[in-house]
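Inspection log for the structure reproduced underneath, given as structure tokens.
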Amino acid sequence: MIDIKLLREKPDYIKEAIRRKGYKIDVDEILEMDKRRRALIQETEEFRRSGKEISAQGKDASEEDREKGRSLKEKIKVKEKELDVVESDLAVKFSQIPNPAFDEVVEGEGEKGNKELRVVGTIPEFSFKPKDHLELAESLGIVDFEAGAKVAGSQFFYLKNEGAMLELAIITYTLDLLREEGFEVLFTPDMARSKYYLGTGYLPKGDEAQTYEITDSDLGLIATGEVTLAGYHADEILDSKVLPKKYAGMSHCFRREAGAYGKYSKGLYRVHQFTKVEMFVYTTPEESKNMHAELLRLEERIFQGLNIPYRVLEMCTGDLGAQAAAKYDLEAWMPGRGEWGEVTSTSNTTDYQARNLNIKYRLPNGDTDFAHTLNGTAVATSRAIIAILENNQKEDGSVTIPKNLQRYLTFKTINIK
RNA sequence: GGAAGCGUGCCAGAGUGGUUGAAUGGGCCGCACUCGAAAUGCGGUAUGCCCGCAAGGGUAUCGGAGGUUCGAAUCCUCCCGCUUCCGCCA
């Protein structure tokens, strides 16, 4: 959520921010509700104050005053009920206000407005028609979608043999690299309580529902390690001396992908469960933009190390989502379809997520304020595997393992069975 | 899954109905002492919300939600979490 004081003081700025992101929210209605809320608080508190005067008399309170106390109690109850309704209505509306994009983020609608910053690496030239990863993986015997569909449903899969080992190698390679860069490594829970996945912006209901919920419990399967990594320091006040706190979290990710059946829903590109190493940083407002650049640099380092050609996109205002003030994606070249495909995404959520989850930091002078949080994909193994298979395929259908992964594996190529 | 216990401030730990935001100790910050430091002494040290230009005032918060009472950290109910023991299990 945003700072409600900002809304009161600069409603026009917020209206403009909402417009830039392409949201439709009635700000004036929210301001009215806020006014009403504050008036009710004042009335309630005045009743309470009177009540405290009576109870402060202790045992000596007269029967007359006790009676007065009884009637005040009733009045408070009525006001509180009224206040509850106003507050919960306000909370629903207010939480829909998105995090304003930074001024420098280019305005645009949806994906079309995104800006390509650079292309890195060489797009491979094949003397034959390159196969897509699904065809490669199946003939190599390293993935089994049929069994996945039978046991768990469509868009679930088994990784087999070299495929499974490849996934582990990708993870170990990434974690080694991030440890070297000062990240703490966490293997996180794959489930979280609702306040954490809601607080990070992953909604279980609606047209684009992402999250699976566990029946008869407050738990849901996480759609990303961002949820458990943000939750790690929720309701805490971090000493500014320990910032930035950098975590590399490995988890499985579960996505319902409701309404997302499209052109690329076949194969590993869009699946209900995958493994991901996520980077997550807690820092100060002063440092968050630098840290965002840092996360992007690391994502590039990881993919350069895997020798995968990619391009960097800067998201326009219309493609940031509610949480991010700025966001970059890496798209890897995927020869099988002859197009770029998203492999990472890094967002600066400023204090927006920190407000939802109550993550603060303390300055040396004792003041506290909301921290800034940032997240970025280090590697989502399923999509990395697509890029590795498709870019390193040979005419006979075998695949060469990128050099930096070979030290983690007992084979240098995967051959047709 | 069964049984018992516990949940208080940055930490430890008092407090079982009356002005308790909460004793005491530790930590931390400031000041004094010192050439400097240690030790010692003195003072300070939660957060949200509401009103206010501010000074300041009000209100809430002792795991969470309800309830009893003029008054609850203290009593009652439910929930959540943690610990220990038993069972089961990787």
For this session: Starting from region A:64-86, keep only residues that are small (Gly, Ala, Ser), then list their pairs with residues that are more than 7 Å from RNA strand B (Cβ to nearest atom) and at pLDDT 85 or above whose Cβ atoms are within a distance under 9 Å, requiring at least 6 positions of separation or different chains.
Result: A:Gly69/A:Ser50
For this session: Kindly provide the set of residues from region A:61-75 that are in a helix (DSSP H, G or I) and more than 6 Å from RNA strand B (Cβ to nearest atom), ordered by number.
Result: A:Glu63, A:Glu64, A:Asp65, A:Glu67, A:Lys68, A:Ser71, A:Leu72, A:Glu74, A:Lys75
Problem set entry | Cβ pairs under 9 Å, 6+ apart, first in region A:40-60 and without any contact (Cβ under 8 Å) to a residue 40 or more places away in the chain, second charged (D, E, K, R) and within 6 Å of RNA strand B (Cβ to nearest atom) | A:Phe47/A:Lys73; A:Gly51/A:Lys73; A:Ile54/A:Arg66
Exercise. Hey, among the residues in region A:10-60 that are within 16 Å of RNA strand B (Cβ to nearest atom) and not in a helix (DSSP H, G or I), which one's modelled with the highest pLDDT?
Worked result: A:Lys10
Problem set entry | Yes/no for A:Val185 being surrounded by fewer than 22 Cβ atoms within 10 Å (Cβ to Cβ) and of a type in the set (Val, Ile, Thr) | yes
Exercise. Mind checking which residues of region A:168-177 are touching a residue at least 40 places away in the same chain (Cβ under 8 Å) and out of contact with any Leu (no Cβ under 7 Å at 6 or more places or on another chain)?
Worked result: A:Leu168, A:Ile171, A:Thr172, A:Thr174, A:Leu175, A:Leu177
Exercise. Any residue at all in region A:348-363 that is in the same structural domain as A:Cys253 (by TED's automatic domain parsing), in a strand (DSSP E or B) and farther than 30 Å from A:Ile97 by Cβ?
Worked result: no
Exercise. Can A:Gly69 be described as touching a Leu at 6+ places or on another chain (Cβ under 6 Å), of a type outside the set (A, V, I, L, M, F, W, C), farther than 22 Å from A:Met1 by Cα and surrounded by 14 or more Cβ atoms within 10 Å (Cβ to Cβ)?
Worked result: no
Exercise. With respect to the numbered conditions (1) buried (at least 24 other Cβ atoms within 10 Å of the Cβ); (2) assigned to a loop (DSSP other than H, G, I, E, B), which one is the sole condition not fulfilled by A:Ala378?
Worked result: (2)
For this session: Those residues that are more than 13 Å from A:Met250 (Cα to Cα) and crowded, with 21+ Cβ neighbours inside 10 Å, I need them from region A:272-283; list them, please.
Result: A:Val281, A:Tyr282, A:Thr283
Exercise. What pairs come up if the first residue lies in region A:107-130 and is more than 20 Å from A:Gly321 (Cβ to Cβ) and not assigned by TED's automatic domain parsing to the domain that holds A:Ala17, the second is of a type in the set (A, V, I, L, M, F, W, C) and not in a loop (DSSP other than H, G, I, E, B), and their beta carbons are under 7 Å apart, counting only those six or more places apart or on different chains?
Worked result: A:Arg118/A:Val312; A:Ile123/A:Trp333
Seminar exercise, completed: Reported set for region A:307-325 where residues are out of contact with any Gly (no Cβ under 8 Å at 6 or more places or on another chain) and surrounded by fewer than 23 Cβ atoms within 10 Å (Cβ to Cβ) is A:Arg311, A:Val312, A:Leu313, A:Glu314
For this session: Kindly provide the set of residues from region A:110-155 that are surrounded by 14 or more Cβ atoms within 10 Å (Cβ to Cβ) and part of a strand (DSSP E or B), ordered by number.
Result: A:Val119, A:Val120, A:Val143, A:Asp144
Problem set entry | Among (1) more than 8 Å from RNA strand B (Cβ to nearest atom); (2) surrounded by 14 or more Cβ atoms within 10 Å (Cβ to Cβ); (3) of a type outside the set (Ser, Thr, Tyr) - the single one A:Ile4 does not satisfy | (1)
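The values are calculated or read from the model by the stated rules, or taken from the named source; none is laboratory data. If you're wondering where the values come from, they're calculated on a predicted model, not measured in any experiment. We place every Cβ from the backbone using ideal geometry, glycine too, and count neighbours over all the protein chains shown.
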